[in-house]
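First up is the structure itself, then whatever we jot down about it.
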Amino acid sequence: MGRAYQNRKESMAKTAAAKTKVYSKYGREIYMAAKSGGTDPDGNLSLRGLIDRAKKDQVPSHVIEKAIDKAKGGAGEDYSPARYEGYGPGNCMVIVDCLTDNPNRTFGDVRLAFTKTKCKIGTPGAVAHMFDHCAIFAFKHDDEEAVLEVLMEADVDVTDIENEDGLITVFTPNTEYAKARQALVDAFEGIDFEADEIQFLPKTTTQVEGDDIPLFEKFLDMLNDLDDVQNVFHNAELPEPEESE
């Protein structure tokens, strides 16, 4: 599957304002995970993975604790997931995952990002069939056979496993996330995940070139600026930046 997963999600933590948005997105996601699966991370593997990921992204402990406390109290916002699909600049394929307390507002905001950059929002399922919905785990290890054996013993459906310079990357269907994560944590004490998430991986890529490049960047910026947007996945391939001499 290649290591393309590393570029699929756009990083936002560039400024203080962007960091605040990252905290808000994690807070919302942690709240939803705790509300639906229980507030104890030891018994809720999705929540455990989210907390670990948030800490890696330097989300302050008080943000994490506040989200869990809110779920414990049963009060707070009632978010629901929403997914939008369509075609971005250069006719690349895009999936936008949101958590929203107002679907009409969110749809309007996301649609505006599409129309303002000459893109086309599609119907549900318009492009999702061109992506694999995967759980991805990457960690330092030198024996992929041992990793595969652990996962097979735990009856995990492994889609692919790679070893590149001592970095093992495991791909499983998204539905196997919790089982696969638990098997790896149980088998390899102190495992430190470099990637630990569920993503949409494109089956093919689309070259984005020329005038479509700044349009694509504007499109992503508009989406990432929306509080309701959690993740943006795409199959765009941009040219490598030229190195200055």
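The values are calculated or read from the model by the stated rules, or taken from the named source; none is laboratory data. All values derive from a computational prediction rather than experimental measurement. With ideal geometry, Cβ positions are generated from the backbone for all residues, glycine too; neighbour counts draw on all protein chains shown. For accessibility, only protein heavy atoms count, side chains too; no ligands or nucleic acids. Shrake-Rupley method; radii C 1.70, N 1.55, O 1.52, S 1.80 Å.
Among residues of the range 186-204 that are assigned to a strand (DSSP E or B), none has a beta-carbon under 7 Å from a residue that is among the aromatic types (Phe, Trp, Tyr) and open to solvent by 70 Å² or more (accessible area, probe 1.4 Å) at least six positions away or on a different chain. Residues in the range 48-91 that are more than 30 Å from Leu238 (Cβ to Cβ), outside any helix (DSSP H, G or I) and touching a Phe, Trp or Tyr at 6+ places or on another chain (Cβ under 8 Å): Pro60, Gly76, Glu77, Tyr79.
Close contacts from the range 217-245, counting a first residue that is modelled with pLDDT under 90 and a second that is open to solvent by less than 10 Å² (accessible area, probe 1.4 Å) and assigned to a helix (DSSP H, G or I), with Cβ to Cβ under 9 Å and a gap of 6+ residues or different chains, come to Asp225/Ala113; Leu238/Phe216.
Return yes or no: is Gly86 open to solvent by less than 50 Å² (accessible area, probe 1.4 Å) and within 19 Å of the chain's Cα centre (by Cα)? Spelling it out, Gly86 is indeed open to solvent by less than 50 Å² (accessible area, probe 1.4 Å) and within 19 Å of the chain's Cα centre (by Cα). Restricting attention to the range 113-154, the residues that are in contact (Cβ under 8 Å) with a residue 24 or more places away in the chain, over 19 Å from the mean Cα position of the chain (by Cα), closer than 30 Å to Asp211 by Cβ and in a helix (DSSP H, G or I) total 3. Say we look at the range 226-239 and pick out the residues that are closer than 17 Å to Ile121 by Cβ and not in a strand (DSSP E or B); which of these is most open to solvent (accessible area, probe 1.4 Å)? Here the residue is Leu226.
Taking the range 196-225 as the search range and keeping residues that are aliphatic (A, V, I, L, M) and in contact with a Lys or Arg (Cβ under 9 Å, 6 or more places away or on another chain), which one is nearest to Phe139 (Cα to Cα)?
Within the range 196-225, the subset aliphatic (A, V, I, L, M) is 198, 201, 208, 213, 215, 220, 222-223.
If we keep only those that are in contact with a Lys or Arg (Cβ under 9 Å, 6 or more places away or on another chain) too, we end up with 201, 215, 222.
On the way: Leu201: 19, Leu215: 35, Met222: 32 Å.
Step by step, filter the range 196-225, then rank; the result is Leu201.
Of all residues in the range 196-245, which are touching a helix residue (DSSP H, G or I) at 6+ places or on another chain (Cβ under 7 Å) and of a type in the set (A, V, I, L, M)? Listed by number, the residues that qualify are Ile198, Leu201, Val208, Leu215, Met222, Leu223, Leu226, Val229, Val232, Ala236, Leu238.
Here Leu50 meets each of (1) more than 23 Å from Asn174 (Cα to Cα); (2) touching a residue at least 12 places away in the same chain (Cβ under 8 Å) with one exception, condition (1). Restricted to the range 30-39, and to residues there that are touching a Lys or Arg at 6+ places or on another chain (Cβ under 9 Å) and open to solvent by 30 Å² or more (accessible area, probe 1.4 Å), the residue that is farthest from Asn231 (Cα to Cα) is Thr39.
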